[in-house]
Structure formats: C-alpha cells, structure tokens
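Student: The structure under discussion is supplied below as structure tokens; questions concerning it will follow.
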Amino acid sequence: MNVLDGVTFDVLEGEHIGLLGKNGAGKTTLFRIICGELYPDEGQVVIAPGKRVGLVAQMPDYPADYTGEDVLKDAHRELYAMRARMEELERRMAQDTSAAVLAEYDRLSTEFIRRDGYEMDRLRNTVANGLGIPDVQRRQLFSQLSGGEKTRMNLARLILEDTDILLLDEPTNHLDMRAAEWLEDYLAHFRGTVVAISHDRYFLDKAVTRCVEITGGKAALYSGNYSFYVAEKERRYQEQLKRYEKEQAEVRRLQQAADKLHLWAFMGNDKLHKRAFSMEKRIEKLSTERPDTERKMKGRFSEKEFQGDEVLSLEGVTKSFDGRTLFSDLELTIRPGERIALIGDNGTGKTTLLQILTGRQTPDRGIVKRGPAVKTACLEQVVHFENPQRSVLDTLIYDENYQPQEARDRLGAFKFSGEDVFRPVSQLSGGEKSRLRLCILMRGDINFLILDEPTNHLDIASREWIEEAVEDYAGTLLFVSHDRYFINRFASRIWELENGTIRDFRGTYEQYRAYKSAAALRQQAEKETVRSAEPRPQKQKRETPRSTERLIAKLEKEIAGLEAQSAELDALAEENATDYEKLMEVDARRAELAAQLEEKYARWEELAQ
C-alpha cells in the first residue's frame, strides 16, 4: 500500500502552506522526502537552486559538550568563521598591507555588516526570549534537555539561520501561548517559504495562506487558511454529494429502461437487447462512489441538574512546591453554567490548581468549598488506568460494569472497532487513552466538568469531535488548554495564572487579548509620561498623539540620514581599499553608525506601537 500515491503540488516563493491530513496520512513522510532523508519510489521533488531547507524535526548531531547556547550560536557559524578570519587579517595587516590582503578584508567586512554580524548577540537573545527559552536552558548541556526543550532550541536555531524554506512539524506543540504568538508574529514578517504540519487550528489560521490536504495518498489544494479550508471542504463535499445523488437517479432511470428493453426483447424483438446493453454501458460510466466523509464519534456528556448558587469557591488558597510559591491567597468563585479557561505559561501551577480543585492535592493554606449537589468529572492531561494490562473491551466490562454488547456499542461510538477493542490499554497512544477516558466519563451524570489539556494528543478530526461533545454540554466547565481555537470557542471567562496570582477576566479569549493589548499600550503611555516628566536640559511638552507623530517623523529623518552616512562610508571603504589605516577608521565609524541605527529603530518601533 502506498502512503503517498502521486502527490503533486507547487509551492511558490514566499508562500506559507499548511499541510493537513489525518495521523498516518503521510505528512511527515513527505517532509522527509523533501529534506532528502527518504527517496520516493516514483516522482521527484524540485527545489529552486541556492535555496536552503530547514526542518524543525531534524536534530543535528552536536558534540557531547555542547550547551544550548552553543546550539544557538551554531546558527551563525559562518559569521563566526568570517569574524575569526577578519581578526586574523587585522593582525596580519600590521605588517602586510598588500592590495590582496586589504581587498579580502574589505570584502569580508562588507559581507559581515550586510549579514548583521554585529547583531548576532542581540538577535540570539530576541529569538530565545520570544520562544520562551530561559537562560538556565541555554547554559545547560543540550544532551540533558527534554525532547520538547530540544525541539524549541532547534526551532530557534533555524530561525536564526534565516533559512529560505522552513518545514515546521507541529511547531507549537512545546510552546506556551506567549511563545506561539511570538512565532506567529515572526512568520507573518518572514519573507521566506513556510510549510507547516500542525493540529493547532488557531496557528493555521494566523500563519498560513494556503492549505494542502493529504488524503488517500493524493493532495487536495485549498487557497486560504484553515477556516477557509473547513468551509471550502464542506462546500466541495456537498457539491460532490449532489452530483452523486443526481447520477444515482440517472442510473436508476437507465436501469429501469434497460430492464424493460430486455423484457421486450425476450418477447420477440432481439434488437432491443443491443439498446439495453448500450444503456448498461452508460450506467457503468456513471457508477461513481459516494463521496466519503470522516466518520464522527457519537457521544455526549450526561448531565445532572445542579441546585445552588455556587459550584465551587476558593478562599485564601496557597500552594508552594520545592520552596517556590506557585500561587497564594486565591479568592475565586465558580457559578453554575460558567465556562472558564485556566491559562498561563508552562510551570506556573495550572495542573496543580486543578488537582487541588478535584481533591487530589491539598493546599498549604486556605480552603476549597464545593456545592452540595456538585458531581465532578475530570479528564487528566496524562491519562492513567488502574488495570492497563486489560483490553479496551474488558476495561469497560470489568472496571465500569458494562454488559459485553453494551460495551461494544459504546466503544464503536468512540471509534474503537474490530480488533482495536482487544488491544491492551497500555498499548494505546496518548490520544486513544484520552478517547477511552472520555468514553467512560460521558456515561456518568455530571454537572462540573474539568478538562486538563483535552486536545493535547488528538488530531484535528478528534479535536472537532470533542468540541461537538462539549458544545452540547450545558453544565459548568473549567479547562486548561494551550489550544487557542478551543479556548476562543468555549471560554466565557478567563483565568490567567501569572506570578502567583490569577487575573480574572469575564469575556472571550479574543476579548481578553484585546484587553491585554490595550493595557500594554496604556502602560507604555504611562512610561512615556514619566519619561517626559523627568528633568531635562530643555523643557519638553507632554507627548500627545500628534506630538508622537512628529517624533516618529523626526526619527525617520534621522534614520534616513544615518543610512545615507552608512552608504557614504561603504563607498569610502571601496575607494580606500589599499589604505589600511583609513580602512580601520572607516570600519570603526560604520560600527558606531550601526549602534546608533539600532537605537533609532528600537525607539521608532516603540513609538509606532
């Protein structure tokens, strides 16, 4: 069986493509073929000459003593080699001022500046901070980092390399929201080509402009982001279904006519057989298969009616771990019917807080009160079963007291069929375990549902099914998720856990993002006001929007002047290529101008925001 069967599509320079398809459709295999790790049985991959391809999933072999910082610096290995050669030439020029030596130095110096050689440290810090790579990981041996940390470090290295074609295999899997948003912003300004495999639909909406779906070994093309793909795929399905139904009606008409002709032929007119056979040939040409659609899981949460004003309340809840306070003095109340998203960076204590709410951990201080009629169900981030050696079917029969046929029917509704039901639970993937746990949870009468990263191990089809099940659930919902598409669809209240406290916002995720952006702008404006109030040699007016525009215009003039000076120095360096002392003077001035330009650019960006 061919994983890929005649996949054909073009990617234009600068396009951002989302590569979609079910797990096992061949997406990662296609990436490995593009990178040259695998060779296709037929066909070919053509990459434009001179274009460099970088795959995030590829992990180069690094020396055993390489730290995370060494891996990041490896992105600029050519620039470091160039700088070492320039330093060698500088020492040599103290005695040798031949035209060849000076010309090589000038060529290397110009190329070093063109490729932002003097900006290496700043760029490395910007990318590492944007992707949430802390200093402690940068100092740690690369071999000792976790798989997710290595992937994030490798992504940072590829971004710093300024690769022409970026192949991203689940790039947001190990990123928190802030880092994912930084990556989306980076890709929005990235001029190169991007092909991304992702189950993060929010990322696909923000980062790609065209979708390619691998289905049945073929490629189906969609000229838009993920939301466009969903609508267009449904439109194509409905169109194909109408065409199929129309053809089936024509098949039935022709078959009835052919049957009559055969009957009349037996009554003495053999020529009618020929006409009947002709109709049957037309039927063969019209006999197309019914358009296939993803078989959805069938299930919904059973709900228990809730009586009371409060589902749960926290009073002064505090928790520390290894001497670090995760959160302190939390005062929160959950009311019936609310849908709350608990968000925050990795390691802030979200899962610990859920465990306190479900009674699996106790707070160091404070109390958690639950309503008297509350019945809670929780889907953990890492699903465990008491008897993992049991089969999927036996888990329902013996652990959940199902009748055998009832268990088979229930599992079938959750896409466990055939031999799948006899597999030991221990052999299931993370996504399959989550699906089995949901199969069990959705049977019980519950009114308070807690989900910890419910879409973490699932493909897009499974995520959409969970969303349909949650959509039908009318009880109270509290969930932790990095899936911004899921959050934006369901949350009517946001809890962001940060610096040991929870910011409580009533509204959707998009409204919360807008609120935070406005707050950041207000904070920036307050800083500018404080700066303008500080004593200065000359009295300055408080900045207003109009004065800010004037400042931006002034900065743009200054930047243009510095860039003109830089161009003049480049010309001066060419004119004095054989004058060692003059060349050193010009290089020093160019470095000074580069520093001034960096400061002006930073100030311009600050004001422009």
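Student: Could you give the length gained by full extension between Leu38 and Glu250, i.e. 0.36 nm per residue of separation minus their alpha carbon distance, to one decimal place? Provide the component values of the computation, followed by the final result.
Tutor: Values: separation 212, 0.36 × 212 = 76.32 nm, distance 4.66 nm.
Between Leu38 and Glu250, full extension yields 71.7 nm more.
Student: How many nm is it between the label spots at Val382 and Lys285, if each spot is 7 Å from the Cα in line with the beta carbon?
Tutor: 6.2 nm
Student: Over the chain, what is the relative contact order in whole percent, taking alpha-carbon pairs under 8 Å and six or more residues apart?
Tutor: Values: 836 pairs, mean separation 88.2, N = 609.
RCO, the chain: 14 percent.
Student: Quick one: if the Förster radius is 41 Å, what FRET efficiency do Glu119 and Ser429 give, using the C-beta to C-beta distance and rounding to 0.05? Please list the in-between numbers first.
Tutor: Working: r = 43 Å, r/R0 = 1.06.
The pair Glu119/Ser429 has a calculated efficiency of 0.40.
Student: Could you work out how much longer the chain between Asn23 and Tyr398 gets when fully extended? Use 0.36 nm per residue separation minus the Cα distance between them, nm to one decimal.
Tutor: Details: separation 375, 0.36 × 375 = 135.00 nm, distance 3.07 nm.
Taking Asn23 through Tyr398 to full extension adds about 131.9 nm, to one decimal.
Student: Rounded, prolate or oblate, given the Cα gyration tensor of region 386-458, with a/c below 1.5 counting as rounded?
Tutor: Details: a/c = 1.67, a/b = 1.20, b/c = 1.38.
It is oblate, given that a/c is not under 1.5 and a/b is not larger than b/c.
Student: Probe of 1.4 angstrom, ligands and nucleic acids ignored: what's the accessible area per residue over the chain, in square angstrom? Display every interim value, and only then the final one.
Tutor: On the way: 33770 Å² over 609 residues.
For the chain, the per-residue accessible area is 55 Å².
Student: May I ask for the distance between the Cα centers of region 1-36 and region 61-102, given as a whole number of Å?
Tutor: 38 Å
Student: Taking only Cα atoms, what is the 0 to 90° angle, nearest 10, from helix 545-575's long axis to the longest principal axis of the chain?
Tutor: Result, in degrees: 70.
Student: Kindly give Rg over Rh for region 129-173, based on alpha-carbon atoms, with the Kirkwood expression for the hydrodynamic radius. List each step's numbers first, then the result.
Tutor: Numbers: Rg = 10.9 Å, Rh = 11.3 Å.
On the Cα set of region 129-173, Rg over Rh gives 0.96.
Student: Here is a follow-up. Defining a contact as two alpha carbons under 8 Å apart and six or more residues distant in sequence, what relative contact order in percent does region 311-371 show? Kindly include the intermediate steps, with their values, before the conclusion.
Tutor: On the way: 86 pairs, mean separation 28.5, N = 61.
Relative contact order of region 311-371: 47 percent.
Student: Still on this model: With all protein chains present, how much of the accessible area of the chain (probe radius 1.4 Å) comes from carbon and sulfur, to the nearest whole percent? Could the numbers behind the result be given before it?
Tutor: On the way: 16160 of 33770 Å².
Here it works out to 48 percent.
Student: What is the spin-label model distance, in nm, from Val136 to Ala413 if the labels are put 7 Å beyond Cα along the C-beta direction?
Tutor: 4.6 nm
Student: For region 87-197, what are Rg and Dmax over the alpha carbons, in angstrom?
Tutor: 18.6, 56
Student: May I have the pair-distance distribution P(r) for the chain, computed from all Cα-Cα distances with 20 Å bins from 0 and rounded to whole percent?
Tutor: Whole-percent P(r) values from 0 Å outward: 14, 39, 31, 13, 3, 0.
Student: Suppose the chain between Ser143 and Gln361 were pulled fully straight at 0.36 nm per residue; how much longer would it get relative to their current alpha carbon spacing? Let's see the in-between values first.
Tutor: On the way: separation 218, 0.36 × 218 = 78.48 nm, distance 3.32 nm.
Fully extending the segment from Ser143 to Gln361 adds 75.2 nm.
Student: Another question, then. Would you work out if region 10-55 is rounded, prolate or oblate? Take a ≥ b ≥ c from the square roots of the eigenvalues of the alpha-carbon gyration tensor; rounded if a/c is under 1.5, else prolate when a/b is larger than b/c, oblate otherwise. All intermediate terms of the calculation are to be shown ahead of the outcome.
Tutor: Values: a/c = 1.89, a/b = 1.22, b/c = 1.55.
Because a/c hits 1.5 or more and a/b fails to exceed b/c, region 10-55 counts as oblate.
Student: Under 8 Å for C-alpha pairs, at least 6 residues apart: give me the relative contact order for region 352-480, rounded to a whole percent.
Tutor: Numbers: 131 pairs, mean separation 40.0, N = 129.
RCO, region 352-480: 31 percent.
Student: At 1.4 Å probe size, what's the solvent-accessible area of Glu563? Round to the nearest 10 Å².
Tutor: For Glu563, the solvent-accessible surface is approximately 80 Å².
Student: Sticking with the crude label model, points 7 Å out along Cα→Cβ, report the distance from Thr501 to Arg92 in nm, one decimal please.
Tutor: Going from the Thr501 label point to the Arg92 one covers 6.1 nm.
Student: Rounded, prolate or oblate: which fits region 311-393, taking a ≥ b ≥ c as square roots of the Cα gyration tensor eigenvalues, rounded meaning a/c under 1.5, else prolate when a/b beats b/c?
Tutor: Values: a/c = 1.98, a/b = 1.33, b/c = 1.49.
The shape class here is oblate.
Student: If you don't mind, another one. May I ask you to derive the FRET efficiency for Asp10 and Leu597 from their Cβ-Cβ distance with R0 = 60 Å, giving the value to the nearest 0.05? Could the numbers behind the result be given before it?
Tutor: Details: r = 39 Å, r/R0 = 0.64.
Between Asp10 and Leu597 the formula returns 0.95.
The values are calculated or read from the model by the stated rules, or taken from the named source; none is laboratory data. Only a predicted model underlies this, so the values are computations on that prediction, with no experimental measurement involved. Neighbour counts run over all protein chains shown; Cβ positions are idealised from the backbone, glycine included. Side chains included, ligands, DNA and RNA excluded: accessible areas come from the protein's heavy atoms. Shrake-Rupley method; radii C 1.70, N 1.55, O 1.52, S 1.80 Å.
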